[in-house]
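Where a number appears in this text, it was derived from the coordinates with a stated rule and is not lab data. What you are looking at is a predicted structure, and each value in this text was computed from that prediction instead of being measured. Virtual Cβ from ideal backbone geometry, glycine too; neighbours counted across all protein chains shown.
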Amino acid sequence: MKLATMSLGALLFLLSCSTNIYESLVTDTDDTGKMEEAANLIDDQKYDEAVAKLNEVEKDNNEKRFLQVAALLGQSGFNVWQIVIDIIDSGSSSSKITFDRIFDSISGSVFGSGDERDARIAAIGQSITLLDTAPEGQTRATANLNCFLGGVLAVVAVDDGNTAMSGVSSALQSIQDNATGTGDSTEECPGIEDLSTNLDLIASVQTNLSLVLAATSDCSFIDFSGSELNSVEQQIADFVDNGDQGCSENPDCGAGAACQALSLGCVQSVVNDDSSVSGDGTVSSCEIVQNCLGASCF
């Protein structure tokens, strides 16, 4: 797989840097003054004020979206420098910073923990949506930044997917072990509340990975055709290949207790849906639960 080598300076131009790169994005409109002021506020790391100023800009365009993304990421504390530090700390002898190296080097420290982590994940998701719906259509710049953010979001979504599936598996095993009668009603399935809680986590993972798939669908530096995939490409490929298998009333996920529990009426009522289609390029929450019990989706 051939990926264009991107210098640190070029990467930071797409995201943020210590000099005011945003002024070059501002177009000559009636809102120019407000957008320039917002750009200066972003440069000064006054992100709340920048968001307020951008809300005053009447005309929506791609340049405004770039500034909104910069302000959102700045508010959340998302720091591209941490990604670069991770690359340096990895001890690689190569001096070239490519997207393969970036994606292979992203660690959980980029996102932090607790509320900080939640805020950064939300900011990345909102940024992807802003860029994906850019009013002047996708340009190379919006597509590349969207793709980069999609790759970053994939890392945390996969981590969350592993955690959520572990919880789902434990809840299903408990239900299977303790179900009474026919297991058709919630009253006959002790622990169904725990399953519902973990399904909420699966829904969040599904939402984030749907954003990832949309953001990386037309990307020059996330390519699934090569013989060697970087870590993000491999994670996305595993998720789609193993997860996008439809949702069945009698899933083929093995003989374990967790899989057997999927046949109980009480479980089907909260897991199954009628909208999942095998091979449609999307992966529903039901598909994640059923198909990722017996295969590695994350």
(request) With a point put 7 Å past each Cα toward its Cβ, work out how far N55 is from V270 in nm, to one decimal. (result) 3.8 nm
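Work the Kirkwood hydrodynamic radius out for the range 109-235: mean of 1/r over every pair of different alpha-carbon atoms, inverted, in Å. Intermediate values should be presented prior to the final figure.
Values: mean 1/r = 0.0602 Å⁻¹.
Here the Kirkwood hydrodynamic radius works out to 16.6 Å.
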(message) Show me the ranking of peptides 228-240, 201-213 by mean Cβ neighbours inside 10 Å, starting with the highest.
(response) 201-213, 228-240
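Where a ≥ b ≥ c are the square roots of the eigenvalues of the C-alpha gyration tensor, would you call the range 241-289 rounded, which needs a/c under 1.5, or, failing that, prolate if a/b is larger than b/c, or oblate?
Values: a/c = 2.52, a/b = 1.49, b/c = 1.70.
Since a/c reaches 1.5 but b/c is at least a/b, the shape of the range 241-289 is classed as oblate.
Subtracting the Cα-Cα distance from 0.36 nm times the residue separation, let me have the gained length for D194 to Q126 in nm, one decimal.
On the way: separation 68, 0.36 × 68 = 24.48 nm, distance 2.89 nm.
Value of the extension gain: 21.6 nm.
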(request) Enumerate the calculated ³J(HN,Hα) couplings along the range 251-262 in order (Karplus 6.51 cos²θ - 1.76 cosθ + 1.60, θ = phi - 60°), each rounded to whole Hz, writing x wherever the residue is Gly or Pro. (result) x, 9, 10, x, 9, x, 4, 4, 5, 4, 4, 5
(message) For the pair R117/D184, report the inter-label distance in nm, with labels modelled 7 Å from Cα in the Cβ direction.
(response) 4.2 nm
